[in-house]
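Trainee: Let me give you the structure first, and then I'll get to my questions.
The values are calculated or read from the model by the stated rules, or taken from the named source; none is laboratory data. Quantities reported herein were computed from a predicted structural model and do not represent experimental measurements. Cβ placement follows ideal geometry from the backbone for every residue including glycine, while neighbour counts extend to all protein chains displayed. Keep in mind that these areas ignore ligands, DNA and RNA; they rest on the heavy atoms of the full protein, side chains included. Shrake-Rupley method; radii C 1.70, N 1.55, O 1.52, S 1.80 Å.
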Amino acid sequence: MGVLANQPFVKMNGVGNEIVVVDLRATGGKAPAVIGADEARAAAGPQGAPYDQLMALYPPRTPGTDAFIRIYNNDGSEAGACGNGMRCVASIVSDANGRTALTFETKAGILNAWKGADGLFTIDMGKPRFAWNEIPLAEEFRDTRAIELQIGPIDKPVLHSPAVVNMGNPHAIFWVDDPYAYDLERFGPLLENHPIFPDRANITLAHIVSREHIVIRTWERGAGLTKACGSAACAAAVAAARLKRTERKVRVSLPGGELTIEWRASDDHVLMTGPVAFEFAGTFDPKLFEKAATL
C-alpha cells in the first residue's frame, strides 16, 4: 500500500508556501521505506492534502541531528532544499521536544534552525554556490551574475540575462520592473525545462525596490506557480547583493508574505527568517494510494 497509507500528517504553510509534514521517525526499529513519486503525487491530489512540498522526517543519519528530511515536490520529484518547509518542520519538532535550537540533514546538507525571541524561526540555508557546474548549467559561463538566456524575440526579449545560483536547488533570477506584469504561468515551465538547466530550475522574477527590499514571484521547479519559495528568496537576495544592488540583509516580499534574508559576511551562510502557520492535521486515506501501488 505504500508508506503514506494511514500515515498522520500536519498541513502548514510558510508565508503561503503550502507544506505537508509527515513524521516517519517512530518505526519500531525498522527502517522506513522511501516515498515513491506516484505516492507523493497521489498525496498532493484533491482528495489528499494538496501541497507545494511534502517534508518527510526520517530517523537521523548523522549523530547530533534531529532528523533526516526528504523533500518532495507535488509532481513527485525530490528537492534538495525548501526553506519554508524547514521552518514548518522546525516548529513541529521544537513544540514536541521543547528545544529552540535544532539541526536537520537534507540532501543539500546539514541545516541549523532556531527560534527567536519573537517566535519566528530562522534557517541557516548554508553557502550559495555560483560555479556553472555547481548550479548546474549545461555549458560553461565564467560569470553567473548574468548568463545568456532569453525568452521572446532576439531584438526585443521579454525576459533575459538572469543571474543563476544554487541554494540547495538551481535558481534563475530575472530582474524586472514588475514581477506581476508577466505571464509566469506561461513562461515558467519553458524556462524551468530549458536545456541550459540539466536538473531543471526554479524561475524567479525579481524587482529591487531599494537596497533593503526586493519583491519576487516564483515558478517553483516541480511545484509550479507558488505563493512563496524560501530558497528563491535566498537566491534573489544573494544575486542582488552580488551585483552590489542591495545590502546583504534585505526584506523579500512574496505573494504570500515576507521573509528576512541575510547573506552573512562572516561565514558566507544565508539565513532566512519568517513565520509559519498551522492549518490542520489529518491521516492519509489508503484509498488514495491504491492506484499508485499498482504502478
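Trainee: Give region 201-259 a look and list any residue that's assigned to a helix (DSSP H, G or I) and in contact with a helix residue (DSSP H, G or I) (Cβ under 6 Å, 6 or more places away or on another chain), or say none. Spell out the reasoning first.
Mentor: Applying the first criterion (assigned to a helix (DSSP H, G or I)) to region 201-259 yields 230-242.
Correct list: Gly230, Ser231.
Trainee: Same structure, new question: Collect the residues in region 33-47 that are in contact with a Leu (Cβ under 9 Å, 6 or more places away or on another chain) and surrounded by 16 or more Cβ atoms within 10 Å (Cβ to Cβ), keeping them in residue-number order. Full working, then the answer.
Mentor: Of the residues in region 33-47, the ones in contact with a Leu (Cβ under 9 Å, 6 or more places away or on another chain) are 33, 35-36, 38-40, 42-45, 47.
Correct list: Ile35, Gly36, Asp38, Glu39, Ala40, Ala42, Ala43, Ala44.
Per-residue answers, yes or no, for (1) of a type outside the set (A, V, I, L, M, F, W, C); (2) more than 24 Å from Ser77 (Cα to Cα):
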residue: Asn133; (1), (2): yes, no
residue: Ile147; (1), (2): no, yes
residue: Gln150; (1), (2): yes, yes
residue: Leu159; (1), (2): no, yes
residue: Val164; (1), (2): no, no
residue: Glu185; (1), (2): yes, no
residue: Asp199; (1), (2): yes, no
residue: Ile208; (1), (2): no, yes
residue: Ile214; (1), (2): no, yes
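Trainee: Going through Ala56, Ala49, Ala113, Ala81 one at a time, which residue ends up being outside any helix (DSSP H, G or I), modelled with pLDDT under 95 and small (Gly, Ala, Ser)?
Mentor: Of the residues listed, the single one that is outside any helix (DSSP H, G or I), modelled with pLDDT under 95 and small (Gly, Ala, Ser) is Ala81.
Trainee: Further question on the same structure: Under 7 Å by Cβ, and 6 or more places apart or on different chains, what pairs join a residue from region 108-128 that is closer than 13 Å to Thr260 by Cα with one that is open to solvent by 10 Å² or more (accessible area, probe 1.4 Å) and of a type in the set (D, E, K, R)?
Mentor: Going by the 7 Å Cβ cut-off, the qualifying pairs are Phe121/Lys115.
Trainee: Related question: Could we say that Glu18 is crowded, with 19+ Cβ neighbours inside 10 Å and over 27 Å from Ala235 (Cβ atoms) here?
Mentor: For Glu18, the condition - crowded, with 19+ Cβ neighbours inside 10 Å and over 27 Å from Ala235 (Cβ atoms) - is not met.
Trainee: Continuing with the same structure: Mind checking which pairs have a first residue in region 230-242 that is farther than 18 Å from Ala265 by Cβ and a second that is assigned to a helix (DSSP H, G or I) and polar (S, T, N, Q), Cβ under 6 Å, 6 or more apart or different chains?
Mentor: That search, which allows pairs on different chains as well, returns Gly230/Asn84.
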